[in-house]
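*Asks:* The structure under discussion is supplied below as structure tokens; questions concerning it will follow.
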Amino acid sequence: MEAAAKIASDTPGVSLPLRDAEPRSVTILGSTGSIGSNTIDLLQRHRDSFTVEALTAHSNIELLAEQARQTGAKLAVTADSSRYQDLKGALSGTNISVAAGPEAVEEAADAPADFVMAGIVGAAGLGPTLAAVRRGAIVGLANKECLVCAGALMLNEVARAGATLLPVDSEHNAIFQVFDFERDASVSRIILTASGGPFRSAELEHMVQATPAQAVAHPNWDMGAKISVDSATMMNKGLEMIEAFHLFPVTAEQIDVLVHPQSVIHSMVEYIDGSVLAQLGTPDMRTPIAYSLAWPERISAPSAKLDLAELATLTFEKPDLERFPCLRLAQEALNEGAAAAIVLNAANEVAVRSFLDENIGFMDIPRVVESCLERHDEDAVTSIDAVKEIDARTRAAAAEEIDRI
Ligand code: NDP
Ligand code: MG
């Protein structure tokens, strides 16, 4: 790692002077989203410790321009080429450079920031995240879809470029904090906790009728629409099993899911001697984001502190694969191999978009995914071009299935 940041805490009485006085420079891919906005919030609270290199977004030009002005970013990029003039206009009178289009987002990831937050949603994040990896950056990985569809290829690139991948997804961040990487043979199991989402205890008949507004109303976390629907179908936990398989030295059989409605234990690692280590906290993404931004140091975050006496009870239950078939489909894809994971992810992205647009019902999401998985070819996935090809083919197949529905 290049610059050990000088991290100053904003909490009175707690300061963490670091050895190196150089601020860490940060690029945020997907700055206008939920992960992106939480990252900006932390940067604003630690202005002496971080500078902003580039911010990228898609449609929310107004917020992107406001964030660029507030953080003094050098570069602001929209992935939507048709919005170039809008962004240019919104940043007129500043010396912030402006660019547009998917290639410009990849170029922003390539700009020389010490740390890149990968906060784009969906497989659209793959190219830009890879660009950051390939130049050996420290990458805070929130975008789980890119590991699901290109995990092995990405990890090869990480090793080749000497990049550092820090898991931001709360479960993987928790495991990262308690996993003994030097003695991985002593790990018997990792346990991903799941809130169960808004339909954890709903009847199947109710789930069939679920509206987008009900599906995105997550009981514990405030997130973007796509991941909120994924949480409601529990596809999110399925994607996270595949993400964990790539991030940690464990087999698919060593990855378990446990429903824990309070979202206080963010995940656990079980060791061969029976010890179980966990990371706990209130459900606020600013904790794992702060951990990754400052790693290997720690900075203060405004997340509410955990009050276990106030909470009094933590509960646990097994996931219900009947009402949440997406979790079963993801487990099957994980066992099947790389092409199945790409199909799972692409079909799910198309189905979730269609559900949010009110074209299909909530329980049609697993139907679309299952039909694409049943029809796909078990191609070898040896290049990023192969990933893109299977992804595109699946999106077309999923659109056909939606037409049939
Ligand atoms: P949001 O929908 O809130 O934000 C997505 C971001 O990506 C926005 O900045 C959006 O721009 C941008 N974007 C959307 N489409 C494209 C595209 N085609 N090209 C380039 N940029 C694009 O998502 P979240 O922040 O909730 O999630 C981001 C990622 O992090 C997801 O992979 C999710 O699974 C993961 N994650 C999120 C968590 C959370 O708490 N939100 C927790 C754990 C993981 P614009 O808004 O301008 O359109
Ligand atoms: Mg998660």
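The values are calculated or read from the model by the stated rules, or taken from the named source; none is laboratory data. All of these numbers come straight from a predicted model, not from anything done at the bench. Counting neighbours? That spans all protein chains shown, and the Cβs are built from the backbone with ideal geometry, glycine included.
*Asks:* For residue 160, only one of the following conditions fails: (1) among the charged types (D, E, K, R); (2) surrounded by fewer than 16 Cβ atoms within 10 Å (Cβ to Cβ); (3) more than 29 Å from residue 131 (Cβ to Cβ). What is its number?
*Replies:* It fails just one condition, (3).
*Asks:* Search the range 152-177 for residues being within 16 Å of ligand 2 (Cβ to nearest atom) and part of a helix (DSSP H, G or I), and hand back the single one that is farthest from the chain's Cα centre (by Cα).
*Replies:* Among them, the one singled out is 177.
*Asks:* If I filter the range 192-199 for residues that are buried (at least 18 other Cβ atoms within 10 Å of the Cβ), farther than 19 Å from residue 344 by Cβ and at pLDDT below 95, do I get at least one hit?
*Replies:* Checked against the condition, which is being buried (at least 18 other Cβ atoms within 10 Å of the Cβ), farther than 19 Å from residue 344 by Cβ and at pLDDT below 95, the range 192-199 yields no hits at all.
*Asks:* Next question. Go through (1) touching a residue at least 12 places away in the same chain (Cβ under 8 Å); (2) farther than 30 Å from residue 22 by Cα; (3) surrounded by fewer than 17 Cβ atoms within 10 Å (Cβ to Cβ); (4) not aliphatic (A, V, I, L, M) for residue 245 and report which single condition fails.
*Replies:* If we test residue 245 against (1) touching a residue at least 12 places away in the same chain (Cβ under 8 Å); (2) farther than 30 Å from residue 22 by Cα; (3) surrounded by fewer than 17 Cβ atoms within 10 Å (Cβ to Cβ); (4) not aliphatic (A, V, I, L, M), just (3) comes out false.
*Asks:* Does the range 116-136 include one or more residues that are more than 19 Å from the chain's Cα centre (by Cα), at positive phi and touching a residue at least 24 places away in the same chain (Cβ under 8 Å)?
*Replies:* The answer is yes, given that some residue of the range 116-136 is more than 19 Å from the chain's Cα centre (by Cα), at positive phi and touching a residue at least 24 places away in the same chain (Cβ under 8 Å).
*Asks:* Please go through the range 351-389 and give me each residue that is surrounded by 13 or more Cβ atoms within 10 Å (Cβ to Cβ) and β-branched (Val, Ile, Thr), ordered by number.
*Replies:* 352, 360, 365, 368, 369, 381, 384, 387
*Asks:* Same structure again: So, residue 397, is that one in a loop (DSSP other than H, G, I, E, B), more than 21 Å from the chain's Cα centre (by Cα) and not acidic (Asp, Glu) or not?
*Replies:* The answer is no for residue 397.
*Asks:* Here's another thing I want to ask about it. Take residue 228 and decide whether it is crowded, with 20+ Cβ neighbours inside 10 Å, closer than 19 Å to residue 360 by Cα and either acidic (Asp, Glu) or within 12 Å of ligand 2 (Cβ to nearest atom) (or both).
*Replies:* yes
*Asks:* Mind listing whichever residues of the range 121-141 are more than 23 Å from residue 381 (Cα to Cα), within 16 Å of ligand 1 (Cβ to nearest atom) and either assigned to a loop (DSSP other than H, G, I, E, B) or of a type outside the set (A, V, I, L, M) (or both)?
*Replies:* 140 - this is the single residue of the range 121-141 that is more than 23 Å from residue 381 (Cα to Cα), within 16 Å of ligand 1 (Cβ to nearest atom) and either assigned to a loop (DSSP other than H, G, I, E, B) or of a type outside the set (A, V, I, L, M) (or both).
*Asks:* If residue 56 satisfies every condition in (1) of a type in the set (Ser, Thr, Tyr); (2) crowded, with 23+ Cβ neighbours inside 10 Å; (3) more than 17 Å from residue 128 (Cα to Cα) but one, which is the exception?
*Replies:* Unmet for residue 56, out of (1) of a type in the set (Ser, Thr, Tyr); (2) crowded, with 23+ Cβ neighbours inside 10 Å; (3) more than 17 Å from residue 128 (Cα to Cα): (3).
*Asks:* Quick one: is residue 189 within 16 Å of ligand 2 (Cβ to nearest atom), more than 17 Å from the chain's Cα centre (by Cα) and under 20 Å from residue 258 (Cα atoms)?
*Replies:* It is false that residue 189 is within 16 Å of ligand 2 (Cβ to nearest atom), more than 17 Å from the chain's Cα centre (by Cα) and under 20 Å from residue 258 (Cα atoms).
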